[in-house]
Amino acid sequence: MERVELDFGGRPFSIETGHVARQANGAALVRHGDTVVMAAVVASKEPLLGRDFFPLQVDYREKAYAAGKIPGGFFKREGRPSEKETLSARMIDRPLRPLFPEGYKNEVQVYVNVLSSDQQNDADVLGICAAAASLAISDVPFEHLVAGARVGRVDGAFVINPTIAQLEVSDINLVVAGTRSDVIMVEGGCLEVSEDDLAAALEFGLREVGMLVDLIDRLKSRIGRPKLPFTPTPVDPELSRLVAGQTTDRIRQANQLTDKTEREDALAVIQKAVQTALAEQFPDQDRVIAAVLDDIERDDLRERVLTQSRRADGRGPDDIRAISAEVNFLPRTHGSSLFTRGQTQALAAVTLGTKVDEQRIDNLMGDTKKSYMLHYNFPSYSVGEVRPIRGPGRREIGHGALAERAIQPVIPNEEMFPYTIRIVSDVLESNGSSSMATVCAGSLALMDAGVPIKAPVAGIAMGLIKSDGRFVVLTDILGVEDHLGDMDFKVTGTRTGITAFQMDLKIEGLSFAILREALAKARLARLHVLDRMAATLAEPRPELSPYAPRILIFQIKVDRIGDVIGPGGKHIRGICEQTGAKIDIDDDGTVIIASVDVTAAEAAKRMVLALVEEPELDRVYEGKVRRITAFGAFVEILPGTDGLVHISELDYGRTERVEDVLKMGETVQVKVIEIDPEGKVRLSRKALLPKPEGYVESDRPSSRPPRRPSNGGRGDRRPERHRG
């Protein structure tokens, strides 16, 4: 077994191998604090033929036992990946995928398991390091050294791999992965920080990541296996020459078509024609021909950008597509908007609910509740394709999480706005940056619903064309520019600062000079989009949608919760049935009443308060006689609260029988004349009657029973203190 370690962020960080999973191509255990993550890498011995993509599969799973838990549910075992596991797998995949050699088609699986969690050090960034270390020491032809870490900022100081407690007070939550000198992947969110602050956080993070890269290099130098030889399968030169000769000019002409559909149709015609023409000479080479055509299209589009500053749709590098926005697009939702940018369109709908609608999350970091969520849907018709409808895939979960994180900093807290908020974005058309369109549409829909967000949020996707020392940063990229370009850098924020970001590269690294230029251009573009959004709706509507529930919140005593609920839920169920309102009571006595009809909500509140109302001294109540005894009558003055009207308090003068004055079930007005320390209530009917002429108060007979003497009938005499 080999082990390397260092102090990282004030806590021990180690990588070891040779002890577990020894039949994999490579395996490593990473420990940080008491959090332990294992990664194992396996590659197929032969390439997967007939595929035009690299078959890399990254899986990240959190074991419940890692935090001393037993999974819930009937089967009591881990099931399908949670959203957190899916997002972590994507985070590990993205810095690794671009570093595999071009043309490598062997199936590769990276399996990351969280084996121990101290619930202070998040395991996702450790998964990046474990996967990278496993690849580095394996015989898989992965030649690069890469690592990842999280950056926070607490009290103005950057913190590497902050703990969960530190993240709660941090205004930056940034994950950066890279080599010793270049950034490869960035993802995170922040509380409206400036572009300069974000760049400084990235530089700090990359310096710290370099220490982890050195640690992996030390491990590789000790135990790394020789890499398996790999040579990309060459394309027949004659085939390439013939395809290029027949199609280059036609592809250039097709690339000048600015409409996506027209350009794709023209390219499809060219591909079909050349495949038919060469079918006899080069049988079963349709995929190879398609790849050659893709390279020709790619080279032409990239060269036009680098030399002519002209993009696929005719725009310049910094131009933003035409933007339009509508709100109140759907008449019966609580809030809605339709945001269109070029050929990308997102429809967002906002629904407001109560605490009952909160999402409950159980993961290694503990049980939490989520009162704000955003769900992103990408149906196949948005790109003109046929595909079966299934549950959300990794892409939809990832894009939704990015958009949710982008809007999170402007969502009002629960004390100010006690609603559960759900945004659903359906992408109706897509030609690049549908997640950024979702951010814009979601922000507008929230304002349309009357949610008092801090400020509107917009997003933009930046691209990059880089070749032979030349580069051009692109603003508001198209789908083809994402596919054929070198970078997809999404940045969201308000006019004040950045709220979220995500960057993926298809090259081996990015310099900070390019990164800073991309951030500066993204800011200008974001302000332009915010101006267009403001022309439609500049701020939240002053009133909630008439279809949204009205929520009333108040407190009752904890020991009175049972009185509101009633036996078997009788009382609270009856209130809900009578008013149509929803009622939720927390363990601390917080009562939340929700109803679309504010009158019904107020009625429900009055009924709840009536159940827990406590009698007040000298207050007059109208109550019903519930029980009659020889010494008085018991009158219910509040729900569940009776008081005694002693026979002497029924009327002036002597009353022989209670029944001479009161009858069972009779309604009577009484006054509270005493509440003893035990809570017993004494009432008087007489106190509300006119006093007879000549009545002398001293003649009033006592309503109290005689006080029983203490000390065995010796009165209140106390023994003398013995003095010695």
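Between SER44 and GLU83, what is the FRET efficiency for a Förster distance of 25 Å, r being their Cβ-Cβ separation, to the nearest 0.05?
The value I calculate is 0.30.
With an 8 Å cut-off on Cα pairs and a minimum separation of 6 or more residues, tell me the relative contact order of the range 2-223 in percent.
The normalised contact order for the range 2-223 reaches 22 percent.
What net charge do the residues around GLU543 carry, taking every other residue with its C-beta under 13 Å from that of GLU543, with Lys and Arg at +1 and Asp and Glu at -1? Spell out each step's value before the answer.
Details: positive: ARG541, ARG550; negative: ASP448, GLU539.
Summing Lys/Arg as +1 and Asp/Glu as -1 gives 0.
May I ask for the angle, rounded to the nearest 10°, between helix 286-308 and the longest principal axis of the chain, with both axes built from Cα atoms and the value confined to 0 to 90°?
80
For the range 99-131 and the range 136-171, what is the separation of their Cα centres, given in Å?
Measuring centre to centre over Cα atoms gives 14 Å.
Rounding to the nearest 20 debye, state how big the charge dipole of the range 620-699 is about its Cα centre with +1 on each Lys and Arg Cβ and -1 on each Asp and Glu Cβ.
In total the dipole reaches around 200 debye.
Only sites in a loop by DSSP and with at most 12 other Cβ atoms within 10 Å count here; which trypsin sites (Lys or Arg not before Pro) in the range 511-560 make the cut?
Details: sites: ARG516, LYS521, ARG523, ARG526, ARG532, ARG550, LYS557, ARG560; in loops: LYS557.
Of the trypsin sites (Lys or Arg not before Pro), the ones in loops of the range 511-560 whose Cβ has at most 12 other Cβ atoms within 10 Å are LYS557.
All other residues with a Cβ under 11 Å from the Cβ of GLU358 taken together, and with Lys, Arg as +1 and Asp, Glu as -1, what is their net charge? Don't jump to the answer; show the numbers that get you there.
Working: positive: LYS355, ARG360, LYS369, LYS370, ARG422; negative: ASP357, GLU414, ASP584.
Counting the neighbours of GLU358, the net charge comes to +2.
Give the angle, between 0 and 90 degrees and rounded to the nearest 10, that separates the Cα long axis of helix 434-449 from the longest principal axis of the Cα atoms of the chain.
It is inclined by approximately 20 degrees.
What are the ³J(HN,Hα) couplings of the range 86-97, residue after residue, when phi is run through the Karplus curve with 6.51, -1.76, 1.60 and θ = phi - 60°? Round to Hz, x for glycine and proline.
Karplus values, whole Hz, x for Gly and Pro: 5, 5, 5, 4, 4, 5, 6, 4, 5, x, 8, 3.
Expected output is a single nm value to one decimal: the length gained when fully extending between ARG22 and TYR381, i.e. 0.36 nm times separation in residues minus the C-alpha distance. What is it? Each step should come with its number before you reach the end.
Details: separation 359, 0.36 × 359 = 129.24 nm, distance 4.59 nm.
Full extension from ARG22 to TYR381 adds 124.6 nm.
Does the range 1-119 come out rounded, prolate or oblate, given a ≥ b ≥ c as the square roots of the eigenvalues of its C-alpha gyration tensor, rounded meaning a/c under 1.5 and, failing that, prolate meaning a/b above b/c?
Values: a/c = 1.97, a/b = 1.31, b/c = 1.51.
Since a/c reaches 1.5 but b/c is at least a/b, the shape of the range 1-119 is classed as oblate.
From Cα pairs below 8 angstrom and at least 6 apart in sequence, can you work out the relative contact order of the chain, rounded to a whole percent? Mind dumping the intermediate values first?
Numbers: 1476 pairs, mean separation 67.6, N = 724.
After rounding, I find 9 percent.
Roughly how many whole Å is it from the C-alpha centroid of the range 388-464 to that of the range 614-674?
Computed from Cα coordinates, the inter-centre distance equals 61 Å.
As I understand it, the value is the acute angle between the Cα axis of helix 195-223 and the longest principal axis of the Cα atoms of the chain; what does it come to in degrees, rounded to 10?
In the chain, helix 195-223 runs at an angle near 70 degrees to the longest axis.
If R₀ is 45 angstrom, what is the calculated FRET efficiency for the pair GLU636 and THR368, using the beta carbon separation as r and rounding to 0.05? Intermediate results must be reported in sequence, preceding the final value.
Values: r = 44 Å, r/R0 = 0.97.
About 0.55, to the nearest 0.05.
Taking θ = phi - 60°, what integer Hz values does the Karplus form 6.51 cos²θ - 1.76 cosθ + 1.60 yield along the range 615-626, in sequence order, with x for Gly and Pro?
x, 10, 4, 6, 8, 9, 10, 9, x, 10, 6, 9
Just want the answer: with Cβ charges of +1 for Lys and Arg and -1 for Asp and Glu, which residue in ILE453, THR641, LEU174 is farthest toward the dipole's positive end in the chain?
The residue sitting farthest along the positive end of the dipole is THR641.
How big is the charge dipole of the chain about its Cα centre, in debye rounded to the nearest 20, if each Lys and Arg gets +1 on its Cβ and each Asp and Glu gets -1 on its Cβ?
Working: 94 positive and 107 negative charges, 444 e Å.
It works out to roughly 2140 debye.
Quick one: compute the contact order of the range 488-578, relative version, from alpha carbon pairs under 8 angstrom and 6+ residues apart, as a percent.
Values: 39 pairs, mean separation 15.8, N = 91.
Reported as a whole number, the value is 17 percent.
Return the calculated 222 nm mean residue ellipticity for the chain, to the nearest 500 deg cm²/dmol, obtained by summing -39500 (n - 2.57) across DSSP H runs with n ≥ 4 and dividing by the residue count. Mind showing how you got there, number by number?
On the way: 14 runs with 212 residues, N = 724.
Result for the chain, helices only: -9500 deg cm²/dmol.
To the nearest 20 debye, what is the magnitude of the charge dipole of the range 2-223 about its Cα centre, counting +1 on the Cβ of each Lys and Arg and -1 on the Cβ of each Asp and Glu?
Values: 24 positive and 33 negative charges, 212 e Å.
Around 1020 debye, computed over the range 2-223.
Give, as a single signed number, the net charge of other residues whose beta carbon lies under 9 Å from the beta carbon of LEU611, with Lys and Arg counted +1 and Asp and Glu -1.
Details: positive: ARG560; negative: ASP563, GLU613.
My count for the surroundings of LEU611 gives -1.
Every number in this text was worked out from the coordinates using simple rules, so none of it is lab data. Predicted model, so just to flag it, every value in this text is computed and none were measured. Here Cβ is always computed from backbone atoms with ideal geometry, including for glycine, and neighbour counts include all displayed protein chains.
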